[in-house]
Amino acid sequence: MANWEELPRDILGLIARRLAIEDFLAFRGVCTTWRSAAPKETYSAKSKAPWLMISILEQVAEFFSPSRGKTYKVPLLHLWGGQALSPPGWIFVSTLDHTYHKKCRIFNPLSSVSIELPTLEKLRHKSCLGVELDEQERYLCESPGINMIALSSSPSLSRSYTVMISYSGSPGLAFHRSGEDAWTVVSPAGHLPWSSVLQLIYYDGLFVALDEHYQITTLDQRERRMQLRLVLRQRFQDWPYLVECRGSLLVAWNIWGQGYRTVNNFQFAVFEVDLEKGTQEEVKSLGKASLFLNNNFSFSVEFNETCLPGIKPNCIYFPDYFMKKTRCYSMEDGKAETYSYPTGCPYFPGQSFQPGF
C-alpha cells in the first residue's frame, strides 16, 4: 500500500497550488509532511474562483462558495458591518464597546484573526488642529467615518504592515503602521484642493488613490503627503474602478447608455495607467484574466493552471444594484449577460470576496 507521506515535496506543492481554498485547508490537515509542502504563503487567490460575501447580519458573516455550492457562516463576536479589502482574505468590520463607542477592526474569516485599529477620536483630533473648516467639514470632522480601507500586506503573513483609510472630512486620508497606536493624517498633494476619494488600493508597493477630480495620487509615507501622478484624460460620467491585473494598474469605467438600464444598455472602457510616466492607454482585451468590481475594492483572477468554475476569461463581473443582478461583460464582443452561478446561488451578491490568509 502506498505511503502518501513519501510523495515528493515538489509534487505535493504542485498539487496544492491547484486547489481551491476548501481543498487547500483539507490538504494541509492530512499530515505534517503535506502541511509543510503547502505553506500559507504559497496559496494564490488570483487563480481561484472568488466567494460571495452575502451579508453581515446579527454578528454573523455569510459567504457563498460557487465552486462548492455551499454557504459558510462565520461568527463575528460583537462585530457588525463589513467590506472586503486588499490583500485577499480580509474584511473591514466595526464594533461597539461597553460605552457604545464605535471601534474598527480588520478581520480574517478563515483564521478568525481580528485586529483592532486605532480609535477615530485620535484621527478627529489630528484632523481638526489648525485647519479652517466650513460648516459641513466641521460636522464630518467631529464624527469621522471610514469610507475605504486598504492593506499593504496580510497581517497573518507579515508582522509589518500598513493600513490606509479614506474618511469623511478634511483632509480625508490617513495611515496606520503596525505597532503604532494612532493614525497619521496625510496632506493632499501640493496645492490640490480637498477631494473625496473614490478608490483606494495598494499596488506595486504604493497606496494609490483616485479622487472625484479624477486625480491619481500615491502616498509618500516619509513626507506624510500624497503625490500627484496624473489626471485622467479620458473621463466618463459613471463610476471608475481601480484594479490591479497581471501586474498592471487599470482604471475600469462602467458606462451606462441612455434611457432605462437593461442588460445590454452599457459598456466598459478600460485603461492601463503608468504611474511613472503619468500616462494612460486604452486596453481592448484582458487576455486570460477577468475583473471583479466592487465599489470599495476590486480584483482580478487569472486563468493559468486551474479551471475557474462558471467564470469566463476576458470578462468583467460587477453587481448591478439597480436591477439587483450580477452582470458579466465580455471585452471581446462588448455584450453583457446576467451572471448565473454554476450551483444556482439564490443570493444577490453584494461583494465578491477572495478568501485567503
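Filtering segment 152-159 for residues that are in contact with a strand residue (DSSP E or B) (Cβ under 9 Å, 6 or more places away or on another chain) and in a strand (DSSP E or B) leaves an empty set. Of a type in the set (A, V, I, L, M), part of a loop (DSSP other than H, G, I, E, B) and either over 22 Å from Met148 (Cα atoms) or at pLDDT below 95 (or both) - does that describe any residue in segment 189-201? Scanning segment 189-201 turns up at least one residue that is of a type in the set (A, V, I, L, M), part of a loop (DSSP other than H, G, I, E, B) and either over 22 Å from Met148 (Cα atoms) or at pLDDT below 95 (or both). The set of residues in segment 202-237 being small (Gly, Ala, Ser) and in a strand (DSSP E or B) consists of Ala209 alone.
Could you tell me whether segment 189-201 includes any residue that is in contact with a Lys or Arg (Cβ under 9 Å, 6 or more places away or on another chain) and either more than 19 Å from Ile106 (Cβ to Cβ) or assigned by TED's automatic domain parsing to the domain that holds Ile91 (or both)? Checking segment 189-201: at least one residue is in contact with a Lys or Arg (Cβ under 9 Å, 6 or more places away or on another chain) and either more than 19 Å from Ile106 (Cβ to Cβ) or assigned by TED's automatic domain parsing to the domain that holds Ile91 (or both).
For segment 49-66, the condition holds for no residue, the condition being that it is surrounded by fewer than 17 Cβ atoms within 10 Å (Cβ to Cβ), polar (S, T, N, Q), within 25 Å of the chain's Cα centre (by Cα) and in a helix (DSSP H, G or I). In this structure, Ile165 qualifies as surrounded by 15 or more Cβ atoms within 10 Å (Cβ to Cβ), of a type in the set (Val, Ile, Thr) and touching a His at 6+ places or on another chain (Cβ under 9 Å). In summary, Val131 fulfils each of the numbered conditions (1) hydrophobic (A, V, I, L, M, F, W, C); (2) surrounded by fewer than 18 Cβ atoms within 10 Å (Cβ to Cβ); (3) at pLDDT 80 or above with the single exception of condition (3). Got at least one residue in segment 335-342 being outside any loop (DSSP other than H, G, I, E, B) and at pLDDT 85 or above? Yes, segment 335-342 contains a residue that is outside any loop (DSSP other than H, G, I, E, B) and at pLDDT 85 or above.
Cβ-Cβ distance below 6 Å, separation of 6 or more or different chains: which pairs start in segment 17-44 with a residue that is farther than 15 Å from Phe357 by Cβ and end on one that is surrounded by 14 or more Cβ atoms within 10 Å (Cβ to Cβ) and among the polar types (S, T, N, Q)? Between residues of segment 17-44 that are farther than 15 Å from Phe357 by Cβ and residues that are surrounded by 14 or more Cβ atoms within 10 Å (Cβ to Cβ) and among the polar types (S, T, N, Q), the close pairs are Arg18/Thr306. A search for C-beta distances below 9 Å between a residue of segment 153-166 that is not assigned by TED's automatic domain parsing to the domain that holds Asp211 and any residue that is crowded, with 19+ Cβ neighbours inside 10 Å and among the hydrophobic types (A, V, I, L, M, F, W, C), counting only pairs 6+ apart in sequence or on different chains, returns nothing.
How many residues, within segment 22-40, are within 13 Å of Ile11 (Cα to Cα) and among the hydroxyl-bearing types (Ser, Thr, Tyr)? Result for segment 22-40: 2.
Rundown of residues vs (1) closer than 22 Å to Glu244 by Cβ; (2) within 18 Å of the chain's Cα centre (by Cα); (3) crowded, with 19+ Cβ neighbours inside 10 Å, yes/no style:
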position: Trp183; (1), (2), (3): no, no, yes
position: His191; (1), (2), (3): no, no, no
position: Gly205; (1), (2), (3): yes, yes, no
position: Asp211; (1), (2), (3): yes, yes, yes
position: Tyr214; (1), (2), (3): yes, no, no
position: Gln221; (1), (2), (3): yes, no, no
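The values are calculated or read from the model by the stated rules, or taken from the named source; none is laboratory data. The structure displayed is predicted, hence computed values, not measured ones. Every residue, glycine as well, gets a Cβ built from its backbone with ideal geometry; the counts of neighbours run over all protein chains shown.
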